[in-house]
1. Among the residues of the range 55-69, write down those that are charged (D, E, K, R), outside any helix (DSSP H, G or I) and either on the phi > 0 side of the Ramachandran plot or without any contact (Cβ under 8 Å) to a residue 24 or more places away in the chain (or both).
2. Is it the case that some residue within the range 44-54 is of a type outside the set (A, V, I, L, M), in a helix (DSSP H, G or I) and modelled with pLDDT of 95 or more?
3. List every residue pair whose Cβ atoms sit under 8 Å apart, with the two residues 6 or more apart in sequence or on different chains, where the first one lies in the range 5-23 and is closer than 30 Å to LYS33 by Cα and modelled with pLDDT of 95 or more and the second, anywhere, is assigned to a loop (DSSP other than H, G, I, E, B) and open to solvent by 70 Å² or more (accessible area, probe 1.4 Å).
Amino acid sequence: MSKVCAICGKGPIAGRQIERRGLAKAKGGVGKKITGITRRRFLPNLQKIMVNIKGSRKTVKVCANCIKSGTVKKVC
């Protein structure tokens, strides 16, 4: 199954993780130095919930933002 919200279409986005070492200038050091940059993915907070779609119950993946905003109504 894909990592995409069924309501808003929010999906994974690319980013970087930056590794630094050294002491900050404000603390008396010579400054932070970048020692490595690694590519990574930021994934959306998807939850599986039961939803009524055209009279039938289906399980869909919806992001937490859509659930919080009330865009989607859960079926118990």
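1. Once the filter is applied, which keeps residues that are charged (D, E, K, R), outside any helix (DSSP H, G or I) and either on the phi > 0 side of the Ramachandran plot or without any contact (Cβ under 8 Å) to a residue 24 or more places away in the chain (or both), the range 55-69 yields ARG57, LYS58.
2. No: zero hits.
3. PRO12/LYS3; PRO12/LEU43; ARG20/LYS32; ARG21/LYS32; GLY22/VAL30; GLY22/LYS32; LEU23/VAL30; LEU23/LYS32
Yes or no, residue by residue, for (1) open to solvent by less than 60 Å² (accessible area, probe 1.4 Å); (2) of a type in the set (Gly, Ala, Ser); (3) out of contact with any helix residue (DSSP H, G or I) (no Cβ under 8 Å at 6 or more places or on another chain):
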{"site": "ALA6", "(1), (2), (3)": "no, yes, yes"}
{"site": "GLY29", "(1), (2), (3)": "yes, yes, yes"}
{"site": "ILE49", "(1), (2), (3)": "yes, no, no"}
{"site": "ILE53", "(1), (2), (3)": "no, no, yes"}
{"site": "LYS58", "(1), (2), (3)": "no, no, yes"}
{"site": "ASN65", "(1), (2), (3)": "no, no, yes"}
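The values are calculated or read from the model by the stated rules, or taken from the named source; none is laboratory data. Small disclaimer: the values here were computed from a predicted structure and weren't measured. Neighbour counts are summed over all protein chains in view; Cβ atoms, including those assigned to glycine, are modelled from backbone coordinates with ideal geometry. In case anyone asks, the SASA skips ligands and DNA or RNA and just uses the protein heavy atoms, side chains included. Shrake-Rupley method; radii C 1.70, N 1.55, O 1.52, S 1.80 Å.
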